[in-house]
Ligand SMILES: NC(=O)c1ccc[n+]([C@@H]2O[C@H](COP(=O)([O-])OP(=O)(O)OC[C@H]3O[C@@H](n4cnc5c(N)ncnc54)[C@H](O)[C@@H]3O)[C@@H](O)[C@H]2O)c1
Ligand SMILES: [Zn+2]
């Protein structure tokens, strides 16, 4: 019970909440939920996936029951394929059958897939009920669990149906990250290195160090700092209308193009972002005056996590550029590209041409 809990506030007025970060804090979920200022109802649905359920659902159910809640476990098959309307509807039906109503709430226990799906279910169930996020992947702890974007995919594309729905509480226990396969663990550092590049240079230096040991306390520090960065950006631009939240797209314009051109599933998101970061960092040297040694520090950090930095020849630049032009960020025909003039800073530029983007992709080979 003496595990330290760092609380990061997400100041969103009436929708404000805290992200609690610590090592070994999962068993405290029930108590922490019961201490929320606006009390949660007695009944809740614990939505999780088939990989996470055997690892952590018991701890979650025991903790909730001990605090006086009545949880119903609803597992869905692991993987992106579960993030769709059909599964969302099935989950809602199970919740109705279990007697959950407008006074109930949802726990999202898992990675970004579960977080987006369960958050979406919470946003639409009885026109919206509270939810608590328990992210168990690096990506979900530093990115998807903070910010209130929820949603599902359609045959036409990812995240096309959804809602902004902020959680009441986020509980990020870094010990859960120990069971991640190495590739999924490393992938998350694509986003962490992105956060460092746009907001905190001091985070990057240790990440580029060859023998960094991930003790739980070190990991908790890194996750907490990333949550602070994401929370500050979200608080300044909750609904992505002011341009601030767009800075989180550093490395993502080209990254999304690569994900799409490679065929979904070949690269994990953070791996495609790594390639996008390499291109965006080099463009930042050329267009924004980023010092070459700063660019190298960023590349060293990516290499440290075995993230891809070279684009294979079978992923053609033409296909990638075609995919990129379909991206919603280019909808108005104007390229808005995130550049990093110094590590720790970023801005949205209109000065990067499609030709320059295409050249930066070629330079990845
Ligand atoms: N809402 C947002 O702002 C936002 C931001 C970024 C990404 N996303 C979404 O997040 C999703 C990707 O998230 P993800 O990378 O966490 O994927 P994921 O949820 O599919 O998790 C990756 C894999 O790890 C398994 N897993 C999860 N936690 C584990 C643990 N602790 N130990 C062992 N295995 C575990 C999962 O079952 C899955 O197989 C995408 O759908 C993406 O669109 C949303
Ligand atoms: Zn991302």
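Of note:
- Helices (runs of 4 or more DSSP H) wholly inside segment 166-262 containing at least 1 residues that are farther than 30 Å from residue 334 by Cα, in contact (Cβ under 8 Å) with a residue 40 or more places away in the chain and in contact with a helix residue (DSSP H, G or I) (Cβ under 8 Å, 6 or more places away or on another chain): 182-199, 201-207, 216-236
- Condition check for residue 48: assigned to a loop (DSSP other than H, G, I, E, B) and modelled with pLDDT of 95 or more: no
- Index of the failed condition, residue 157 passing every other in (1) within 16 Å of ligand 2 (Cβ to nearest atom); (2) outside the structural domain of residue 16 (by TED's automatic domain parsing): (2)
- Members of segment 54-74 found to be within 16 Å of ligand 1 (Cβ to nearest atom) and either on the phi > 0 side of the Ramachandran plot or touching a residue at least 24 places away in the same chain (Cβ under 8 Å) (or both), listed by number: 55, 56, 57, 59, 60, 73, 74
- Of everything in segment 282-311 that is free of Cβ contacts under 8 Å to residues at least 40 places away in the same chain and over 22 Å from the mean Cα position of the chain (by Cα), the residue that is surrounded by the fewest Cβ atoms within 10 Å (Cβ to Cβ) is 293.
- If you go through segment 248-272 and keep only what is under 19 Å from residue 149 (Cα atoms) and within 13 Å of ligand 1 (Cβ to nearest atom), you end up with 248, 249, 252, 256, 269, 270.
- Scanning segment 37-54 for residues that are surrounded by 15 or more Cβ atoms within 10 Å (Cβ to Cβ) and over 19 Å from the mean Cα position of the chain (by Cα) turns up 40, 41, 43, 44, 45, 46, 53.
- Checking 275, 247, 268 one by one, the residue that is within 11 Å of ligand 2 (Cβ to nearest atom), crowded, with 17+ Cβ neighbours inside 10 Å and within 16 Å of residue 192 (Cα to Cα) is 268 and no other.
- Checking residue 266 against (1) within 30 Å of residue 228 (Cα to Cα); (2) under 22 Å from the mean Cα position of the chain (by Cα), the condition it does not meet: (1)
- Positions within segment 312-321 being assigned to a helix (DSSP H, G or I) and free of Cβ contacts under 8 Å to residues at least 60 places away in the same chain, in sequence order: 317, 318, 319
- Test set (1) assigned by TED's automatic domain parsing to the domain that holds residue 85; (2) in a helix (DSSP H, G or I); (3) more than 15 Å from the chain's Cα centre (by Cα) - residue 143 fails condition number: (3)
- Filter result for residue 296 (under 21 Å from residue 209 (Cβ atoms), in a helix (DSSP H, G or I) and out of contact with any helix residue (DSSP H, G or I) (no Cβ under 8 Å at 6 or more places or on another chain)): yes
- Screening the candidates 132, 114, 142 for the property of being within 13 Å of ligand 2 (Cβ to nearest atom) and crowded, with 24+ Cβ neighbours inside 10 Å yields one hit, 142.
The values are calculated or read from the model by the stated rules, or taken from the named source; none is laboratory data. Everything quoted here is computed from the prediction, not taken from an experiment. Backbone-built Cβ (ideal geometry, glycine too); neighbour counts: all protein chains shown.
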